[in-house]
Amino acid sequence: MAAFVLTPEETLHWLALRMVPGLGTTGALKTLQRLESPQNIFRSSASELEAAGLSPAQARNIASGCSFEDAADQQERLRNAGAQLISLHDRRYPQHLREIFDPPLVLFALGNVELMKSHAIAIVGTRRPTPYGIAAAERLSGDLAKSGLTIISGMARGIDTAAHQAALHTGGKTIAVLGCGVDVLYPANSRKLYDDIARSGVLLSEFPMGAPAFPQNFPIRNRIVSGLALGVLIVEGAQHSGSAITAKLAMDQGREVFAVPGNITSKMSWGPNLLIKDGGAKLVQEWSDVTNELPAAVRRELVARAQGILPEMASGEAATVEAVEEPLKKLGRKLLNRLQVDVPQQLDALLETFEGVSSSELISALFDLEMTGLVRQLPGKNFVKVW
């Protein structure tokens, strides 16, 4: 496996492999499996490359070294933009993405690359949303970001933009997966959002620096949107829209799929409504409908971070959560004994019941129970048990 940060020589070889004409991601991945590293691939003869499964034309293109000129140009563009190259063999490469059928050979990244390993939810939808769709995306994205989840989207107009902006507005983190080079501004009027994400989140692409936003790029990049996430939330989209493609990719990748129901007379509601109707997506009305479906270990980690027990850390580093949250578990058990399924109880009344417990402690315990799906909050800070 490569070093934590690629050396200039390693970067050049990975870029050269990415830029080989006619090779593509599938061809590069198969060759890597047999020859182990880009350096080994470029040291091989054309006959050796053919024996590894490449076509004669692909083998000649690699053996000629013709892609190194383009690779050197890409390396210079990376430096000028302050971007980084994350290879498939790099330890910073997100494990979730590595496990999909056709992971990107390399990722071009501008911003905080550590966010790629955080727990994330993708929020996608139409470029032509209704006011309802925008409101739903903003509310859910903001609430999910406040819960500690990173919000992933594609920085397109409409729902994508609303999701990114809401996450940033609440002080949360967001990842934009682009259908062009990370040094290309698209849409053209998104300069502020682009700069905000580069500063507080991360811009990602598998397309080379300077690559234009060709229409065919966007369905390709959607597998990265879903592949990075624990689940995908669809907010408005036509029956055969890009968001429907992303939902299908998420199902194929074993990710959770969620959808916000919409007006049955609106074409923009057909996509999410059909997903819900066919059982392909879980109906979402509030943020906890999403978090309740996440793995228990993820929910515990989010709770612990929200309570200030754990610092920010990469996914998979929460081995001490259960030990530090034990006092809160005891209070949570007391709350469950007190709460009823059919009689809402107001927060102030609960505070009077538990003498010696501060409001912050009680709120933290209630939040913990909400995140694990055992308690639901109703309007007016009223709480009921849900089992």
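So here's what we get for this one:
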quantity	calculated
Mean separation of Cα contacts under 8 Å (6+ apart) over length of the chain, as relative contact order %	12
Difference of contour (0.36 nm per residue) and Cα-Cα distance, Lys267 to Thr25	83.6 nm
Karplus 3J(HN,Hα) series, Hz, for the stretch 270-285 with 6.51 cos²θ - 1.76 cosθ + 1.60 (x for Gly, Pro)	4, x, x, 5, 5, 4, 5, 4, 7, x, x, 9, 8, 5, 10, 10
Cut-off 19 Å, label 7 Å out along Cα→Cβ of Asn80, residues of the stretch 102-143 by amide N	108-111
Net dipole in debye of the chain [+1 Lys, Arg Cβ; -1 Asp, Glu Cβ; about Cα centre; nearest 20]	600
Phi-based couplings in Hz for the stretch 247-253 (Karplus 6.51, -1.76, 1.60; Gly and Pro marked x)	4, 4, 4, 4, 4, 5, 8
5 Å binning of all Cα-Cα separations within the stretch 113-291, expressed as whole percents from 0 upward	1, 10, 20, 24, 22, 14, 7, 2, 0
Lysine-lysine proximity count for the chain, Cα under 18 Å, sequence distance 8 or more or distinct chains	11
Helix 296-306 axis, angle to the chain major axis (alpha carbon atoms, nearest 10°)	70
The stretch 1-100 - charge dipole about Cα centre, Lys and Arg +1 at Cβ, Asp and Glu -1, debye rounded to 20	220
Cα convex hull volume per residue for the stretch 1-80 (Å³)	83
Estimated FRET transfer efficiency (Val384, His169; beta-carbon r; R0 41 Å; 0.05)	0.85
Efficiency of FRET between Arg91 and Glu50 - r from beta-carbon atoms, R0 30 angstrom, step 0.05	0.40
Highest-first arrangement of 41-48, 170-177, where packing means the average Cβ count within 10 Å	170-177, 41-48
Residue-averaged 222 nm ellipticity for the chain, from DSSP H runs of 4+ at -39500 (n - 2.57), nearest 500	-13500 deg cm²/dmol
Distant-in-sequence amide H partners of Lys173 (H built 1.01 Å from N, under 5 Å)	Ile151
FRET E, pair Arg128, Phe101, Förster distance 22 Å, beta-carbon r, rounded to 0.05	0.10
Residue exposure sequence - Trp287, Trp14 - by fewest surrounding Cβ within 10 Å	Trp287, Trp14
Total charge dipole magnitude, the stretch 252-293, about the Cα centre, Cβ charges on Lys, Arg, Asp, Glu only, Debye to nearest 20	200
Calculated on alpha-carbon atoms, Rg and Dmax of the stretch 93-177 in Å	13.2, 38
Antiparallel content of DSSP bridges confined to the chain, in %, to 5	40
Under Karplus coefficients 6.51, -1.76 and 1.60, residue-wise ³J(HN,Hα) of the stretch 133-140 in Hz, glycine/proline x	x, 4, 4, 5, 5, 5, 5, 5
Proportion of all alpha-carbon pairs of the chain beyond 33 Å (%)	38
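Read-outs: derived from the displayed coordinates by stated rules, not from any lab. What you see is a predicted model, and the numbers here were worked out from it, not measured in a lab. Cβ atoms come from the backbone with ideal geometry, glycine included; neighbour counts cover every protein chain shown.
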